[in-house]
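Have a look at the structure below, then the notes.
The values are calculated or read from the model by the stated rules, or taken from the named source; none is laboratory data. Everything numeric in this text was worked out from a predicted model, so none of it was measured. Cβ coordinates were reconstructed from backbone atoms using ideal geometry, including for glycine residues, and neighbour counts include every protein chain displayed. Surface areas here come from the heavy atoms of the whole protein model, side chains and all, with no ligands, DNA or RNA. Shrake-Rupley method; radii C 1.70, N 1.55, O 1.52, S 1.80 Å.
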Amino acid sequence: MTTIEGGETDANPAVRRTDDWDAGRLHELAAEHDTPLYVQDLDRVRENCDRLLAAFPDADVRYAVKAHTGRATLEAVREAGLDAECASAGEVDRALAAGFDGGRLHYTAVNPPARDLDYVVDVAEREPDLTITAGAVDTLDRLAERGYDGRLCLRVNPGVGAGHHEKVRTGAAPKFGVPYDRAARVAREAAGRFDLVGIHAHAGSGIDPDQLDSHRELVSRMGELARELTDPGAPTDAPLDLEYVDVGGGFGVPYREDAEPLDLPAVAEATRDAVGDLRGLALAIEPGRYVVADAGVLLTRVNTVKPTPGETVVGVDAGMTDLLRPAMYDAYHPIRNLGGADGEPTPADREETPVTVAGPICETGDTFCTNRAITRPARGDLLAVGIAGAYGYEMANQYNSRPRPAEVALADGEATVVRRRERLADLTRVERESAEVDR
Ligand code: LLP
């Protein structure tokens, strides 16, 4: 096996493209489990973890659980050696169930509901090595009111954001973090009330190679702040005893077939350069998408082919309720036609043709692509919507009273149903239980 660099090898390439999946296997899975079906390959999740750890050998690598919270995925990530970064009580609960202990749990509170704070403070009593990251003085007060004086990380708003869409650029959005110019003061105050262990910032999600300057800028600001806070020679303030500087996640993946993957070793080097001398503090990163995106595909079956004067509309059984990203962010996902239900490869004589692939939801925005050239679909064909492992199932919902899809996890080629397909009865379960409570 040839090691290229930073953990990337022939056997562990920087990206798994949708074309790299075994079409025959995907046909089998669709035949056995029906569609729409998410397929998540845990071996690929492990490979992604390995490349991250190899590129950032000295850093604390924390998986942003929100990208994919499935139990099997969390266990694979834990076994690979990553910590868990959680955005809610629910995610902390899932991470605990998947075997992460407090020392590997980081809870990032953003306008946290009281219920979430109560839950996490309670967990922290049992698991005192858990760290809470907070980005508002108000949140610090609410933690103190609950008697919390444990490990705390201060989220800073570095004033620089990046990401694939304005809705996921956090770094300069006032919602997130304490403004950079107040951060040192707030950190010193916080150190008097909590065990202040780190500072944190997150630029945004889906940072592509052409946005690395913003990443570098954020990292360099955080390095400067860390040096200011820990400076043993500062004239007035005693140095703070911090453990780490967390520069967030956001590592992009190439959704488009012709997009280059991130050069992870180069990103790691740029990060180390930009952060500067941390005087013994650790660097921490929080990738979510990078860990799981190319480990997943969404399989969907063509049920309608409708030529219209302007375009051919291809109706499929998955929609924006199964994969919201195209509707919400105009996100691009590769689409591969795997051919008919008999498992035969797509006939070579079918040419590529521009199509709009649309789901079953009564919204115009319920499309996976518009006028995109793919191998001409016929009714019964199986389509693979690629790079769907991050924020795919996680953002699935029941709008239009559509049960959520099933998901299988692959490990060593073996498939296990990890989230069964929801049934119609699942749609009304909460209502029926409420009626019982009222009685
Ligand atoms: N750390 C924090 C504090 C975050 O808020 C996030 C993502 C991450 C880490 C991980 O970012 P990643 O490495 O996955 O880019 N639903 C959107 C993405 C929202 C991301 C929110 N925060 C999408 O489908 O593109």
Just one of PRO128, PRO112 is in a loop (DSSP other than H, G, I, E, B) and either within 15 Å of the ligand (Cβ to nearest atom) or buried (at least 19 other Cβ atoms within 10 Å of the Cβ) (or both); which is it? PRO112
The strands (runs of 3 or more DSSP E) lying wholly within region 1-102 that contain at least 1 residues that are modelled with pLDDT under 95 are 3-5
Does at least one position in region 145-152 carry a residue that is of a type in the set (Ser, Thr, Tyr), more than 16 Å from the ligand (Cβ to nearest atom) and surrounded by 14 or more Cβ atoms within 10 Å (Cβ to Cβ)? yes
Please work out if ALA11 is of a type in the set (A, V, I, L, M, F, W, C), open to solvent by less than 10 Å² (accessible area, probe 1.4 Å) and over 26 Å from ARG94 (Cβ atoms). no
Output the residue which, of all residues in region 346-372 that are at pLDDT 95 or above and loosely packed, with under 15 Cβ neighbours inside 10 Å, is farthest from the chain's Cα centre (by Cα). PRO354
Taking region 222-275 and keeping only residues that are among the hydrophobic types (A, V, I, L, M, F, W, C) and closer than 23 Å to ASP294 by Cβ, one is left with VAL247, PHE251, VAL253, ALA259, LEU262, LEU264, ALA266, VAL267, ALA268, ALA270
Determine which member of the set PRO128, PRO57, PRO112 is free of Cβ contacts under 8 Å to residues at least 12 places away in the same chain and in the same structural domain as HIS200 (by TED's automatic domain parsing). PRO57
Just checking, does region 155-173 include any residue being outside any loop (DSSP other than H, G, I, E, B) and more than 16 Å from the ligand (Cβ to nearest atom)? no
THR170 is checked against (1) among the hydroxyl-bearing types (Ser, Thr, Tyr); (2) modelled with pLDDT of 95 or more; (3) within 20 Å of the chain's Cα centre (by Cα) and fails just one. What number does that condition carry? (2)
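Residue-wise test of (1) within 16 Å of the ligand (Cβ to nearest atom); (2) open to solvent by 10 Å² or more (accessible area, probe 1.4 Å); (3) more than 19 Å from GLU166 (Cβ to Cβ); (4) without any contact (Cβ under 8 Å) to a residue 60 or more places away in the chain.
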| position | (1), (2), (3), (4) |
| --- | --- |
| ARG188 | no, yes, yes, yes |
| ALA191 | no, yes, yes, yes |
| HIS202 | yes, yes, no, no |
| ASP213 | no, yes, no, yes |
| VAL219 | yes, no, yes, yes |
| LEU225 | no, no, yes, no |
Go through ALA425, ALA390, ALA415 for me and flag whichever is assigned to a helix (DSSP H, G or I), at pLDDT 95 or above, over 18 Å from ASP317 (Cα atoms) and among the hydrophobic types (A, V, I, L, M, F, W, C). ALA425
Can you name the residue in region 27-46 that is more than 20 Å from LEU338 (Cβ to Cβ) and buried (at least 21 other Cβ atoms within 10 Å of the Cβ) and is also farthest from the ligand (Cβ to nearest atom) among such residues? LEU42
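Return the only residue of ARG272, ARG301 being more than 20 Å from the chain's Cα centre (by Cα), open to solvent by 10 Å² or more (accessible area, probe 1.4 Å) and over 30 Å from ARG169 (Cβ atoms).
Within the list ARG272, ARG301, the selection yields ARG301.
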